[in-house]
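Undergrad: Let me begin by handing over the structure; questions about it come next.
Derivation of every value follows stated rules applied to the coordinates shown; laboratory data play no part. Please read these numbers as outputs of a predicted model, since none were measured by experiment. Every residue, glycine as well, gets a Cβ built from its backbone with ideal geometry; the counts of neighbours run over all protein chains shown.
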Amino acid sequence: MPVGFLSSDQREHYGRFTGEPSPDDLARYFHLDEFDLGLISQKRGQHNRLGFAVQLGTLRYLGTFQDDPLDIPVSVLQALTRQLYMGL
């Protein structure tokens, strides 16, 4: 995706988390509804289901896939794990 129109600071942070999302952002972008859970349940293995959920929420939050898929804020992982494996 062309990013030439962005400032150097914007280019540096494009496709990356710049800190922990707020509780409101977690509720808005990382909430998994019934449709999401249906898609996620089709994935094999817990690690694949969590990875898919992370990518889904990251795409919603950042508007793109993250450059480094392992650089995920702890609060995102906790919110998604609670929804996927603890039924909350």
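Undergrad: Output the residues belonging to the stretch 34-71 that are surrounded by fewer than 17 Cβ atoms within 10 Å (Cβ to Cβ) and not in a helix (DSSP H, G or I).
TA: GLN42, LYS43, ARG44, GLY45, GLY63, THR64, PHE65, ASP67, ASP68, PRO69, LEU70, ASP71
Undergrad: Please go through (1) outside any loop (DSSP other than H, G, I, E, B); (2) surrounded by fewer than 13 Cβ atoms within 10 Å (Cβ to Cβ); (3) in contact with a Phe, Trp or Tyr (Cβ under 8 Å, 6 or more places away or on another chain) for ASP24 and return the number of the only condition it doesn't satisfy.
TA: (3)
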